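Enquirer: Sharing a structure, written as structure tokens. Questions coming.
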Amino acid sequence: METNVVKIKLWGIDVGYLSWDKKLGVAIFEYEPSFLEHGLDIAPLTMPIDSPRSQKQLPWTGNKDKLYHGLPPMIADSLPDKWGNSLFKAWLRDNNIPAKKTTPVDHLSFIGSRAMGALQYDPAQKLGDNSAFSVDVQRLYEFAKQVLNERKTTVLNQENSVLWQDLIKISSSPGGKRPKVILALNKATGEVISGQGLIPEGFQHYILKYDDNSAYPFSKLEYIYYRMALDAGINMMPSELRAYEGVTHFLTQRFDRNRNEKIHMQTLAAMSPESDSYEDIFAVIRRLNLPYEDSKQQYLRMVFNVIARNVDDHSKNFSFCMNRDGIWRLSPAYDLTYSVDLSAPAYANRHSLTVNGKNEDIIREDLEIIGLNNDIQDYKALIDTVANAVVNFEVYAKELGLDEKLIESIKADFVMM
Ligand SMILES: Nc1ncnc2c1ncn2[C@@H]1O[C@H](COP(=O)(O)OP(=O)(O)OP(=O)(O)O)[C@@H](O)[C@H]1O
Ligand SMILES: [Mg+2]
């Protein structure tokens, strides 16, 4: 699988070209000159279209940091994380392609038009028919677990080789460590089909995050956090729990799709690779000239993560979206959940982003300083609003039948301000 160059496309427009420099072990990107005239600043802080480098068609070199696989951060965002990578590796094995000879540019060609957000990669690896197919959610998950646990022994007969292809098509592009599939749902009829390619009238795009049905209620907790976040005034896509054969999964509508329209999306990691604090997010919001509402949203999310102990607040758990007019906004919040491992030592449960220079033992004063320094109106009242919303944890958790002991230990871990 040696892809020398991929062309990057956005909304049918040629954006540029990406190749892999074997010697340097990095990718080289160049904008297509005509793209620069559209005024679409798709990576405004790392590869601005009006910079001399872009204007003179000089190449942009990829980022060697592990997080970016040698790709420019804007493009690295199209590659998946743990879950999608393990599927890609299994697919390579299945096709007798040595992983060692595969570059991130090959991986992008495999992703093709299935990337999250709106960027597409051409040529795309052919994965058979691109039309929508109906999805048996639970069966596909059972199969995914089987494939990944016993890959070497799973015999791909005619029936499960179809399942395998289906899984690759709808599960190998989203990021994150947890298993998930991209689906399209018709709320009126209840039909569930694959979420890649064009979807028929009446359908919308969703991500289903699978629960592994272990003792720990991942999906239910994420749903409880969704409800608390809404109570706190945090903007999130409509989400719900879906039970299939007794197992409850978390379903969330995609903000990078509006029916068949793709919305350009960049994580904080892609937008601003050096960001490692909440203050840095506010700085990005200012540099992008986003409206005050986005600063306020970001403030609520920071306070929520601190109070409700979502310590998994890494730079891929915040995003920005750009519409077809080139206007950037903060994306809706996602992946909000209780992410402390109660059995791990305290240092393993530190926040990924710092708050006022700290990633643990954050107090109200720290939140207030950030509110003050970033011109957040009524920041004290916003902290109280979030704290009041988090109080609802117990009610929501009991409604879903969570174990009493777990409820108590999570409640005791909240940082009530
Ligand atoms: N509603 C959504 N619409 C569009 N993209 C989304 C949505 N929710 C999540 N994503 C994208 O999918 C990625 C994975 O989702 P999410 O963070 O929920 O998964 P996860 O496996 O729990 O992640 P982590 O590895 O952080 O635990 C996110 O980083 C984000 O880019
Ligand atoms: Mg995540």
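Nothing in this text is a laboratory measurement; each read-out follows from the coordinates by a stated rule. Small disclaimer: the values here were computed from a predicted structure and weren't measured. A quick note on method: Cβ atoms are made from the backbone with ideal geometry, for glycine too, and the neighbour counts reach across all protein chains shown.
Enquirer: Mind giving me the FRET efficiency for ARG286 and LEU67? R0 is 25 Å, r the Cβ-Cβ distance, nearest 0.05 is fine.
Expert: With a Förster radius of 25 Å, E is 0.60.
Enquirer: Which value at 222 nm does the chain reach when only helices count, each DSSP H run of 4 or more adding -39,500 (n - 2.57), with the total divided by all residues and rounded to the nearest 500 deg cm²/dmol? Intermediate results must be reported in sequence, preceding the final value.
Expert: Details: 14 runs with 139 residues, N = 417.
Rounded to the nearest 500, it is -10000 deg cm²/dmol.
Enquirer: Can you give me the convex hull volume of the Cα atoms of the range 206-283, divided per residue and expressed in Å³?
Expert: 143
Enquirer: Please work out the Cα center distance from the range 188-205 to the range 23-60, rounded to the nearest Å.
Expert: Centre-to-centre (Cα) distance: 35 Å.
Enquirer: On alpha carbon coordinates alone, what is the Rg over Rh value for the range 40-106, Rh being the Kirkwood radius?
Expert: 1.09
Enquirer: Under 16 Å from a label point 7 Å along Cα→Cβ of LEU342: give me every residue in the range 301-327 with its amide N that close.
Expert: 308-311
Enquirer: Over its Cα atoms, what ratio of radius of gyration to 2.2 N^0.38 Å does the range 341-383 give?
Expert: Compactness ratio reported: 1.39.
Enquirer: Picking from PRO332, THR102, LEU198, whose Cα lies most toward the positive end of the charge dipole for the chain (charges on Cβ: Lys, Arg +1; Asp, Glu -1)?
Expert: THR102
Enquirer: Follow-up. Kirkwood Rh, Cα Rg: Rg to Rh for the range 1-115?
Expert: Expressed as Rg/Rh, it is 0.98.
Enquirer: Sticking with this structure for a sec: Would you mind getting me the FRET efficiency between ASP276 and ILE369? Use the beta-carbon distance for r and R0 = 30 Å, nearest 0.05.
Expert: Efficiency, from the Cβ-Cβ distance: 0.95.
Enquirer: Want the number for MET1 to TYR216: 0.36 nm per residue separation, take away the alpha-carbon distance, what's left?
Expert: Details: separation 215, 0.36 × 215 = 77.40 nm, distance 3.99 nm.
Difference between extended and current length: 73.4 nm.
Enquirer: Roughly how many nanometres apart are two label points built 7 Å out from the Cα toward the Cβ at GLN57 and GLU408?
Expert: 7.1
Enquirer: Quick check on my link table: of LYS23/LYS66; LYS145/LYS169; LYS82/LYS187; LYS64/LYS126; LYS82/LYS296, which ones sit more than 25 Å apart, alpha carbon to alpha carbon?
Expert: LYS82/LYS187; LYS64/LYS126; LYS82/LYS296
Enquirer: For the range 123-253, just the Cα set please: Rg and Dmax, both in angstrom.
Expert: 15.6, 50
Enquirer: Considering only C-alpha atoms, what is the centroid distance from the range 214-243 to the range 260-302, in Å?
Expert: Centre-to-centre distance over Cα atoms comes out at 22 Å.
Enquirer: What spacing in nm lies between the two simple spin-label points modelled at SER134 and ASN149, each 7 Å away from Cα in the Cβ direction?
Expert: Result for the modelled spin labels: 2.8 nm.
Enquirer: Compute the semi-axes of the equivalent ellipsoid of the range 281-417, taking the square root of 5 times each eigenvalue of the Cα gyration tensor, and list them largest first in whole Å.
Expert: 27, 17, 15
Enquirer: Of the listed peptides 188-199, 276-287, what is their order by residue-averaged count of other C-beta atoms within 10 Å, with the highest listed first?
Expert: On the way: 188-199: 16.6, 276-287: 18.9.
Final packing ranking: 276-287, 188-199.
Enquirer: Under a no-solvent Debye model with one identical scatterer per Cα of the chain, what's log10 I(q)/I(0) at q = 0.09, 0.14 Å⁻¹?
Expert: Log-scaled intensity ratios, in q order: -0.58, -1.39.
Enquirer: Of ASN130, ALA381, GLY176, which is farthest towards the positive pole of the chain's charge dipole, taken about the Cα centre with +1 and -1 on the beta-carbons of Lys, Arg and Asp, Glu respectively?
Expert: Farthest along the dipole direction, towards plus: ASN130.
Enquirer: Taking a quarter of the surface of the convex hull around the Cα atoms of the range 221-354, what do you get in nm²? Present the calculation step by step, with values, prior to reporting the outcome.
Expert: Details: hull surface 38.2 nm².
Its average projected convex-hull area is 9.6 nm².
Enquirer: Can you compute the charge dipole magnitude of the range 352-417 about its Cα centre, using +1 on each Lys and Arg Cβ and -1 on each Asp and Glu Cβ, nothing else charged? Give it in debye, rounded to the nearest 20. List each step's numbers first, then the result.
Expert: Numbers: 6 positive and 14 negative charges, 8 e Å.
With Lys and Arg at +1 and Asp and Glu at -1, about 40 debye.
Enquirer: Given R₀ = 41 Å, what would the calculated FRET efficiency be for ARG93 paired with ALA188, taking r from the Cβ atoms and rounding to 0.05? All intermediate terms of the calculation are to be shown ahead of the outcome.
Expert: On the way: r = 41 Å, r/R0 = 1.00.
Approximately 0.50, to the nearest 0.05.
Enquirer: While we're here: Using label points projected 7 Å from each Cα along Cα→Cβ, tell me how many nm separate ASP81 and ASN356, to one decimal.
Expert: 2.8
Enquirer: Could you give the size of the charge dipole of the range 312-387 about its Cα centre, using +1 on the Cβ of each K and R and -1 on the Cβ of each D and E, expressed in debye and rounded to the nearest 20?
Expert: About 280 debye.
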